[in-house]
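Since the structure comes first, as structure tokens, the remarks are kept for the end.
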Amino acid sequence: MHDLAPMTALGASEPRTDTIGPIRITEAPDWALASVAARLGQEATCQTALRKLLGTPAPGVAAQASGPVLSAFWIGPHIWMFEAPYATHPDLAQQVKAACADTASVTDQTGAWVRFELTGRDLPRLMERLCNLDMGAMQAGHARRSVIEHLGCYVIRHEDSITLYGPRSSAQTLHHALITAARSVF
Amino acid sequence: MRLKAGGQIDRDTKLSFRFDGKHYKGHPGDTLASALLANGVRLMGRSFKYHRPRGVLTAGSDEPNALVELRSGGRQEPNTRATVVELFDGLHAAPQNAWPSLRFDALAINDKLSNFLTAGFYYKTFMWPAAFWEKLYEPIIRRAAGLGSITTQPDPDPYDKGFLHCDLLIIGAGPSGLMAALTAGRAGARVILADEDFRMGGRLNAESYAISEMAGSDWAAQIVAELVSLPNVRLMPRTTVFGAFDHGIYGAVERVSDHLPVPQTGKPRQTLWRIYTRRTLLCAGALERPIAFANNDRPGIMTASALRAYVNRWAVSPAETVAVFTNNDDGHRTAADLIAKGVKVAALIDTRPDAPKAAGTELLAGAQVIDTSGRLGLTGVTVKLANGQTRKLACGALGVSGGWNPNVSLTCHQRGRPAWEERIAAFVPAGDLPQGMIVAGAAGGQFSTHATLAGGAEKAAQALTDLGITATKPDLPQAEDAPTRITPFWHVKSDKRAWLDFQNDVTVKDVKLAHQEGFRSVEHLKRYTTLGMATDQGKTSNMGGLAIMAELTGQSIAQTGTTMFRPPYTPVAMGVLAGRSTGQDFRPTRLTPSHHWAKEQGAVFVEVGMWLRAQWFPRKGETTWRESVDREVSATRASVGVCDVTTLGKIDVQGTDAAEFLNRSYCNAFAKLPVGRVRYGLMLREDGIAFDDGTAARLAEDHFVVTTTTANAVPVYRHMEFARQCLWPDMDVQLISTTEAWAQYAIAGPNARKLLQKIVDPAFDISNDAFPFMACAEITVCNGCPARLFRISFSGELAYELAVPTRYGDALIRRIMAEGAEFDVTPYGTEALGVMRIEKGHAAGNELNGQTTALNLGMGRMVSEKKDSIGAVLSRREGLSTADALKLVGFRPKNPQSRIPAGAHLLEKGAKMIVANDLGYVTSACYSPTLESYIAIGFLKNGQARMGETLRAASPLTGEDVEIEIVSAHFVDPEGDRLRA
Amino acid sequence: MIINHPLLGPCDAQEFTYKGDARLIDRPDGMAEGSGPAFYDYAYLRDNPAGEHRELWFHEQGDRSWLVVTRNTVTHDIISVELARDVARSMGRSR
């Protein structure tokens, strides 16, 4: 194992948690990410390989799907983002590439994003101050990219929580926006 | 004065406030206007042009007169309508546009000069001499005119923004809005009910009549209570929907904390909402219009409905004795309400000879108010009776009713034009409404309470049916259903001034003048007289103005038409439009992986786009930036330096056609680049101008990593996606940005390899033979950390760029510094980076400036003729490839210590500094510690042929004029021995 | 404005970047004999209709699809929205 110590996107060794009113905002650095884009003409075989890897069909447009170990969400036509716990899958991109072989182009995206978990009640009231997605209508299992504080972010709706991915270099800006908006509501 | 009983105010609680330096008391539920009237204050402001004393005209947001400066310091807010300011304890407001005081205003002299200050006066009076305009006329006019003053201090309060979605947006919570919300709310639709008032109910709060044997305001409160209990209904009081935009999007401002002395900690003062709607019901009600007559602007003269509202809602009468002047039945209702509350009504003056009977006061049918008296407040009116005689009436207030205008503003925001409806003598919304909008109630010309209640329910049900939601209409409560009876009457004929637009001081005379001078279309009338151009957009004045123009031209009002209403419906503060994006938060900040480390080192940072990059790293004892930068350059060239280059854009290009795709995207050849090698690439725009440059590293047959300049990371990605999806849709190529996924450091200098060998795991041979210039590889560092290594050089030294996953970027820079201590490794910032690239003659943003071609950049031969690439054809255009085309060259000053100003233009010795003598320009300049001389690069006509010649670099901006020698742009190591070492 | 994305449904126009006339899909062949005038036309000559206009929009803050949006420039009505890749293929563009 190499001896470089990781730093979180917010610039610390430990992830940060903030609780404001009923809402908890947690930085979640322990996720590995890899994008998977089906090669031209290989869409069907790629999806077969992804289903095997994921344990469930690759999610459709604007959807998220969880398998036993991995999960994935749709980010564009025939493009998905795969997620896995970093501790067990630091080489997620290689694993996905091995599974898809020449049916897909795979790119490590772990370092590109900061991930926040939002939990608590009234999450839509927080989100309505941040992005134009209709959280009231967004069901669990939906995943959309939208603009938050001028930044392109992925918003994934779960039953009781929301996962938010934003560009890692702007983690502080995004965190500040989340905190400010939360204080504005609660 | 406050009446003994009644009103929707909390009499048990007293609020202190201050106006014009005096202290007063009011109650919760009061507006500033109602509280002032309760304290006997009728004079609240001075008019814009003539500085005439003014009081309230209305009881709502259409108020043109009672404008005050609210609060002080950074919170000072000019042009606030006293009629909508919710009273809070400690409120203080100041009158505006009056000096030295509200009661004695020196510029009231303008009133005496009114014959000279008619419409269009400044177009005529100040025409000449032209030189006087800026120095004399404009300052005088600026001082005399205008409304409140703005604070120069920053606003201390936060503002917020947000996005809302609904099936049905209901604008206005009067009887129709409440019925609509009830209908849609019970049907389960997602409903937003927004109202500008702090108390929902609209006119129900201002009227005395009953709904189902309840007071109207109580009925409204009961409905609001039910709506609150419905989770699918969002009630938004204190929220003004100010604009109807494309495709069902509305803008609204919620005044979250305006009714508090200061916002609660963390809470916004106001919130700007963008509301996405499927359907919108406009229930904005109607606005009463005044009648113009001589001296109709004295404090105490107001619309009849305002008088009624003050009495009913706030239990306030502006005076003990009042009179009413009307052309319709609604004025009778005002008289009746006042009498019922014990206010003495001197007379009910009705312009209609056949006016219905009135009880409790004298009815003067067929009579007109021909003049008024009272300098700082109304003392009496002069009435011309039906028989031609005149009569004076003593009164401290006059309620005027000229009929009601449906509030059509929002229906016009998408270029809709209302239509004239004779029945109510007013414009009503026509068919050309904004997408998804339906109009109900008084806004649609239905004025009786019964009609508004029924209309609200019916139109809401109709909207829901459109959306496939079934709604059951609630039972309609009992309510009055009087017909509208009006005989249009716009102005009393007079030689004296009769006001139409109170805020901009436009009178009937001004309209006549406009007509006389040919400004007859309503749009010309508006601009010539400024009618309706004040902050109230002429809500109370437009109709009167165009009715008079119709009279003068002999056209009907329908033919005359209306001017356009535009957003915002009422003024919107700049602060709320900015929302959270102020100061540091104006735009996102991007931090590099080494940011925290660099901060610890005391680095000076510079904004590069959104990135914060270390500009230089000052050391103890260094007093100027140049000392630091010179040291960083020299240390790098002498031993080794390190620089965070993460900000360069990185795009992962994969697919079986990846090589061919790059071959077409770059003007130079890429198809045959071997795996494990990097190549410089120049991208052109389709018009042949250079777009961006960078490197492409081939990691596998079907896998490249492309870099872009920091500034163009986003545009280049967009451009490549365009090429992939639109130009060559069947190429097998996939793109994704990886800029942020990797922390990347340039390690440059003669000792770069030795330093790297201490970091790169021993399994990887990075000797010059195994890993030559322009090699690349996927490797591991620090005992197994995955990494990418590129042997590329921007500095001209033996150099590498090393990338690791972003989370290890901080640890890596610390490791590089620790392992490099024996070589005295020196961190360098963007300034040293810039100096070294100028010394090496590398083009950057200053050279790729959107005007230059490959030929200009000295890379003309790179544009391959053997393939089709973007921009290749047009780059060969005749005009871009002339013999004397600009060429990138270097400049050295004759005196090494003479600075060459960047941006300077090149001239022959002795040539005049005129465009005809221009030979080119300097793009980048610096001091070169390596050459111990100032140097520069730039573009010179036919530059390659002029090596060794002496020219001048002259800057008319800085006044510098320097003799320079034309040299190669490659100042340092032109043969490239160092970078291949 | 709301752009009804063929895959994602209604999206706010603020998520998009505008490029211009959808004719930009129809890029001439750079290797064809005398392609200069064709490129001049392609790069510089555009219609600017008051009315229906086919335009290219990029869903930059969304799924990164290029779209062909047919829009009335006078009323802002959006008549149709297609994936530009499909449009390009239907115009005969391939590799």
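The values are calculated or read from the model by the stated rules, or taken from the named source; none is laboratory data. Every value quoted in this text rests on a predicted model; they were computed, and no experiment measured them. Cβ sites come from the backbone with ideal geometry, for glycine too, and all protein chains shown count toward neighbours. SASA here: full protein model, heavy atoms, side chains in, ligands and nucleic acids out. Shrake-Rupley method; radii C 1.70, N 1.55, O 1.52, S 1.80 Å.
From the Cα gyration tensor of region B:826-969, with a ≥ b ≥ c the square roots of its eigenvalues, which class applies: rounded if a/c is under 1.5, or else prolate if a/b is larger than b/c, or else oblate?
Details: a/c = 2.14, a/b = 1.29, b/c = 1.66.
Oblate shape, in that a/c is at least 1.5 and b/c is the bigger or equal ratio.
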The lysines whose Cα lies under 22 Å from the Cα of B:K112, excluding any fewer than 8 residues away in the same chain, are B:K49, B:K124, B:K493, B:K496, B:K509, B:K512
Under the Karplus relation 6.51 cos²θ - 1.76 cosθ + 1.60, θ = phi - 60°, what is the ordered set of whole-Hz ³J(HN,Hα) values for region B:727-736, x standing for Gly and Pro? 8, 10, x, 9, 7, 8, 8, 10, 10, 7
Which of the DSSP-defined H helices in chain B satisfy a minimum axial length of 20 Å, computed from C-alpha atoms, and a minimum mean Kyte-Doolittle hydropathy of -1.0? B:449-466
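Per residue, how much accessible area does the protein assembly as shown show when a 1.4 Å probe rolls over the protein heavy atoms, in square angstrom? Working shown, then result.
Values: 48710 Å² over 1262 residues.
The answer is 39 Å² per residue.
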Hey, got the Cα dimensions of chain B along the principal axes, in Å, largest first? 113, 70, 56
List B:S257, A:S13, ordered by accessible area with a 1.4 Å probe, largest first: A:S13, B:S257
Decide, for region B:882-967, between rounded, prolate and oblate: order the square roots of the alpha carbon gyration tensor eigenvalues as a ≥ b ≥ c, take rounded if a/c falls under 1.5, and otherwise choose prolate if a/b is larger than b/c, else oblate. oblate
So which chymotrypsin sites (Phe, Trp or Tyr not before Pro) in region B:546-611 pass both tests, a DSSP loop state and at most 15 other Cβ atoms within 10 Å of the Cβ? none
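When only the heavy atoms of the protein chains count and the probe is 1.4 Å, how do B:W404, B:W314 rank by accessible area, highest first? Write down the numbers at each step before the final one.
Working: B:W404 35, B:W314 10 Å².
Heavy-atom accessible area, descending, gives B:W404, B:W314.
Rounded to the nearest 100 Å², what is the sum over both chains of accessible area buried where C meets B, with a probe of 1.4 Å? Please report the intermediate quantities before stating the final value.
Details: alone 6440 and 40930 Å², together 44320 Å².
Interface area, both chains combined: 3100 Å², rounded to the nearest 100.
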5 angstrom amide H check on B:L363, placed H, neighbours 5+ away: B:L348
What is the local net charge at B:A514, summed over the other residues whose Cβ is closer than 12 Å to its Cβ (Lys, Arg +1; Asp, Glu -1)? +2
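Which of rounded, prolate, oblate describes region B:649-740, given a ≥ b ≥ c as roots of the alpha-carbon gyration tensor eigenvalues and a/c under 1.5 marking rounded, otherwise prolate only if a/b is larger than b/c?
Working: a/c = 1.27, a/b = 1.14, b/c = 1.11.
It is rounded, given that a/c, with a ≥ b ≥ c, falls under 1.5.
Below 15 angstrom from the Cβ of A:P167, what's the summed charge of the other residues (Lys, Arg +1; Asp, Glu -1)? The partial results should precede the final answer.
On the way: positive: A:R115, A:R145, A:R168, B:R587, B:R590, B:K650, B:R807, C:R64; negative: A:E27, A:E149, B:E740, C:E60.
Computed value for this residue: +4.
What fraction, in whole percent, of alpha-carbon pairs in the protein assembly as shown exceed 64 Å separation? Don't skip to the answer; put the middle values down first.
On the way: 188234 of 795691 pairs.
Percent of Cα pairs beyond 64 Å in the protein assembly as shown: 24.
What number, rounded to the nearest 500 deg cm²/dmol, is the helix-based mean residue ellipticity at 222 nm of chain B, given -39500 (n - 2.57) per DSSP H run of at least four residues and division by all its residues?
On the way: 22 runs with 197 residues, N = 981.
That calculation yields -5500 deg cm²/dmol at 222 nm.
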Label-point separation in nm, B:S149 to B:A821, each point 7 Å along Cα→Cβ: 6.2
Work out from phi, with θ = phi - 60° and the Karplus expression 6.51 cos²θ - 1.76 cosθ + 1.60, the ³J(HN,Hα) of each residue of region B:585-591, listed in order in whole Hz, and give x for Gly and Pro. 8, 4, 8, x, 10, 10, 10
Can you tell me the 0 to 90 degree angle between the C-alpha axis of helix A:171-185 and the longest principal axis of chain A, rounded to 10? 50
Area of B:D730 that stays accessible when all protein chains are in place (1.4 Å probe, Å², to 10): 40
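So what's the net charge close to B:G185: Lys and Arg +1, Asp and Glu -1, counting the other residues with Cβ under 13 Å from its Cβ? Mind showing how you got there, number by number?
Numbers: positive: B:R186, B:R190, B:R234, B:K473; negative: B:D167, B:E226.
With Lys, Arg at +1 and Asp, Glu at -1, the net is +2.
Assign unit charges at the C-beta atoms only (+1 for Lys and Arg, -1 for Asp and Glu), then state the dipole size of the protein assembly as shown relative to its Cα centre in Debye, rounded to the nearest 20. Before the final figure, lay out the partial values.
Working: 134 positive and 135 negative charges, 622 e Å.
For this selection, approximately 2980 debye.
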Enumerate the amide H contacts of B:A885 below 5 Å, restricted to partners 5 or more residues apart or on another chain; note that Pro and chain-start residues carry no placed amide H. B:N942
When the accessible area of each residue in region B:571-595 is compared between its chain alone and the complete protein assembly (1.4 Å probe; ligands, DNA and RNA ignored), which residues differ by at least 30 Å², being lower in the assembly? B:R580, B:D585, B:P588, B:T589, B:L591
On the protein heavy atoms, probe 1.4 angstrom, tell me the percent of accessible surface of the protein assembly as shown carried by carbon and sulfur. 52
Sequence-distant or interchain residues sharing an amide H contact under 5 Å with B:R234, placed H: which? B:V191, B:I192, B:L193
Just the number, please: buried accessible area between A and B, total of both chains, 1.4 angstrom probe, nearest 100 square angstrom. 4200
I'd like the Karplus ³J(HN,Hα) series for region B:359-368: coefficients 6.51, -1.76, 1.60, θ = phi - 60°, whole numbers in Hz, and an x wherever there's a Gly or Pro. 10, x, 8, 7, 8, 10, 7, x, 9, 9
Using helices alone, I'd like the mean residue ellipticity at 222 nm for chain A: each DSSP H run of four-plus residues gives -39500 (n - 2.57), total over residue count, nearest 500. -6500 deg cm²/dmol
Region A:20-69: which residues show an accessible-area loss of 30 Å² or more, assembly versus chain alone, 1.4 Å probe? A:R39, A:L40, A:V61
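Could you calculate the FRET efficiency of B:M947 with C:L45 from 1/(1 + (r/R0)^6), where r is the beta carbon distance between them and R0 is 56 Å, rounded to 0.05?
0.85
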Accessible area of B:I109 in the full protein assembly, 1.4 Å probe (Å², nearest 10): 90
